[in-house]
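One structure is given below, encoded as structure tokens.
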Amino acid sequence: MLARFAPFRLPVATVGAALLVCCALTLAGCQSGYTPDPGTAAMLARGDTSRARVDLALRADDPKAGRERLLYEVQAMHAALLDGLPEAASRRVEYVFDTLRTQGLNANNSPDLFLVNEQGVRFWKGEPYEQAVALSLVSIADMMTGRWGNARAAAIESLQRLNADDDSRTAEFLLGRLLAGVANRQMGRAQEAAEHFDAARAASDRVRALADELEHGTYDALLVIEAGRSPARTASGGDGTEVVFRDRSPSNAKGLRVSDASGSALWPWTTDLNAMARDHRWTGLDAGRRSKAAAGNVLTAGGIAVAASSDDSAAQLAGAGAALIGLIAKSNARADSRYDDLLPQRFYLAPIKMGIEPPALSVESSGSSLRPVGLRPNEDGSLAVRLLRWPETSTTGWAESGQVFYANDVTGPLETPTLPWVLGGRCVRTPTRALMAEYRRAGLAESVSYEDLMELYRAESIDLLQGRDQSQARGHVLEGGSTLFTPQGGSIGFTRLFGQFHTTYTPTSTQGRALSLLVSPTITTTEESP
Amino acid sequence: MSRTSLPVFRPIGLLGLGLSALLVLTSCATTGSREASNARFRMADLDQAVAEVRASLIGSRFIREAPAQGEVLLRAEPLTNLSLDRFTVSEEQMVVSRVLSDTGVQVALREAGIRLLDPEVTKPADATHRFDAQIRSVAREGSVDQRESNARRDAYLLEYQITERATSGIAWQASTEVARAARGLVID
């Protein structure tokens, strides 16, 4: 039998080098394609949802996203919702729901898992709690666009992901339960809504008053507020075969104080991801990891023993080979440490009665507050839903200003007429022929036509985005970007963009400089940052 | 410099090379299982499912008696989604249009003197009758191996109805069912 191989005499050096190269390639291939980016987390922490949205969209759209595609898509969707741009999230919402509904994504991986590290072979689908929260975000996205049937479907699916049909599981994931109740109420399905709210009340006294308000209250907006950072998933134990979740933001009982047109209320947190991560883990791979590590240990020890004790060169090589395979098996037994590091530690739900003044939010004994501006009733009378994240770091005052300093497509004009942003003013509305009269009152020469203004935007390479076109949104011109749009009123994106002053724009194109000369200098003075 | 080669090493070397190549290939290739499936509603199932609904509408008393009722203006309302699946706006429109835009249905409506109003440019109050479509579903998860949930079956019920606005009386209704099943770990 061996004689057949006689013509193929393989030099030891060549074989050894090939083995080493293959092992190196294997180990490289086993590395996770996902590494938490502290930069993106910091952006979200300071409320810079726009930059986070743009960065995460690039990563999600990268063809190399591979096994981490779902993770990137969830994060990009999440950032777009926080930025108040559900249109920019719509494609990702479809992908996330479809992928989470797909079963057996990793069905073919079992044989490979014996040879390769989990992160090198498994498509990331997340732990049950991550799936449930991602489906809740899908539900919130549908609520933000008034698609209540879809919102109901996604909320119920999030509950099924945790088998949340008993009180203890419901108590941990009240977010999904309450969202399902709200969606049903909006669809006029009072009975099914009551079933969800009853289940929430039965599961936890803490949310009794909140569930009552959500079921019977006269609120016209619902703010879903995220705070803190979700626990970090790490590989632990001797060979890293155990999955451990480490809290990054401590759990506590702090409530959310809300002041709106109907008075003041204190709402409890609804869902704590620290607790969910501990209790809703999928343990299907734990035994396999331990077995692989044990086999690796035996092969390594046995191989070294054979190589060390034998005088025969062939046996020594065989022992060394076995030890090498054992080491690879040990290293590949390490638990998958990929997780969605951009999820929050907790969720609050705050029903809001809109008034003239923006609502004021504050987390108990935190000292900080948030006043989301621009919240307006939906045109069809349905509930206005927004997803907000509590800023962790200084926000240069915009989070608390409670003011809108720029004319925009949601709140309309300022008290005094102002020029378009592109000509040094403070109007970032989508230009229309009707707006030209206001611009002229602000000092724009009569000779400048609507067509001239549109040409100026083109010359300055600024894209004007409204409605579904907002799916193409990049950075906003107020923050140095090249797109002009208005995020949903009451969102973090809206509050950050229009709740603070930005540097006045100076046109760079020939057309822009020419048009600037046609602006009356006595009227065009713009306010500087206070 | 001389190069050495050991006869005994040949099979071990070949085995090692094969194993390593396998490791490299498996570590680089997998991005999702070809066996993955889901039990979501598929528009491809719709044509067959609504064939009975179309036939029911064409042969309905509503269409037969329409010529005697004076002007009949029918307006389609958006799909009401009470299922456990999500639908895009175009998919919702498709669930309605697969019935109303069918050639046979169009001919029957025209011959009966029934005018279809464009929902984009009309209000509900402009119509004498409204056409509603609703989808419900029931999901069942189970375990083929009695361990983890790895089988799911979703049964979808599509209900269509024409209601007279003035009386709220049901002028016609029909329904059809679609079932979808998927295998594989739900959680994974």
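The values are calculated or read from the model by the stated rules, or taken from the named source; none is laboratory data. Quantities reported herein were computed from a predicted structural model and do not represent experimental measurements. All Cβ positions, glycine included, derive from the backbone under ideal geometry; neighbour counts span all protein chains shown. Note: areas computed on protein heavy atoms with side chains; ligands, DNA, RNA excluded. Shrake-Rupley method; radii C 1.70, N 1.55, O 1.52, S 1.80 Å.
Is one or more of the residues making up region A:230-250 of a type in the set (G, A, S) and part of a helix (DSSP H, G or I)? Spell out the reasoning first.
From region A:230-250, those of a type in the set (G, A, S) are A:230, A:232, A:235-238, A:240, A:249; that's our starting set.
Okay, now just the ones that are also part of a helix (DSSP H, G or I), so none.
Checked region A:230-250: no residue is of a type in the set (G, A, S) and part of a helix (DSSP H, G or I).
Residues that are in contact (Cβ under 8 Å) with a residue 12 or more places away in the chain, over 21 Å from A:T510 (Cα atoms) and assigned to a loop (DSSP other than H, G, I, E, B) within region A:429-456 comprise A:R429, A:T430, A:T432, A:R433, A:A442, listed in sequence order. In region A:362-386, the qualifying residues are those that are at pLDDT below 90 and closer than 23 Å to A:F173 by Cβ, and the one that is nearest to the chain's Cα centre (by Cα) is A:V363. Contact map, region A:319-331: residues that are over 16 Å from A:E118 (Cα atoms) paired with residues that are outside any helix (DSSP H, G or I) and not hydrophobic (A, V, I, L, M, F, W, C), Cβ distance under 9 Å, separation 6+ or inter-chain. Pairs shown: A:G319/A:S310. When we screen A:T234, A:T241, A:T270 for residues that are loosely packed, with under 15 Cβ neighbours inside 10 Å and hydroxyl-bearing (S, T, Y), the only hit is A:T234.
Where helices (runs of 4 or more DSSP H) fall entirely within region A:46-138, those with at least 2 residues that are under 19 Å from A:S337 (Cβ atoms), open to solvent by less than 10 Å² (accessible area, probe 1.4 Å) and more than 13 Å from chain B (Cβ to nearest Cβ) are at A:69-82. If you filter region A:304-322 down to residues that are assigned to a helix (DSSP H, G or I) and away from chain B (no Cβ under 12 Å), you find that the one that is surrounded by the most Cβ atoms within 10 Å (Cβ to Cβ) is A:V306.
Assessment of region B:124-134 against the conditions (in contact (Cβ under 8 Å) with a residue 40 or more places away in the chain, small (G, A, S) and in a strand (DSSP E or B)) yields at least one matching residue. Sort out which residues of region A:323-356 are touching a strand residue (DSSP E or B) at 6+ places or on another chain (Cβ under 8 Å), away from chain B (no Cβ under 14 Å) and open to solvent by 30 Å² or more (accessible area, probe 1.4 Å), and write them in order of number. Of everything in region A:323-356, those that are touching a strand residue (DSSP E or B) at 6+ places or on another chain (Cβ under 8 Å), away from chain B (no Cβ under 14 Å) and open to solvent by 30 Å² or more (accessible area, probe 1.4 Å) turn out to be A:S337, A:K353, A:M354, A:G355. From the list A:E379, A:E364, A:E357, A:E392, the one residue that fits, being free of Cβ contacts under 8 Å to residues at least 40 places away in the same chain and not small (G, A, S), is A:E379.
Answer with yes or no whether A:V448 is of a type in the set (V, I, T) and within 30 Å of A:L81 (Cα to Cα). Against the criterion (of a type in the set (V, I, T) and within 30 Å of A:L81 (Cα to Cα)), A:V448 does not qualify. Restricting B:T167, B:T163 to those that are assigned to a loop (DSSP other than H, G, I, E, B) and farther than 24 Å from A:I156 by Cβ reduces the list to B:T167.
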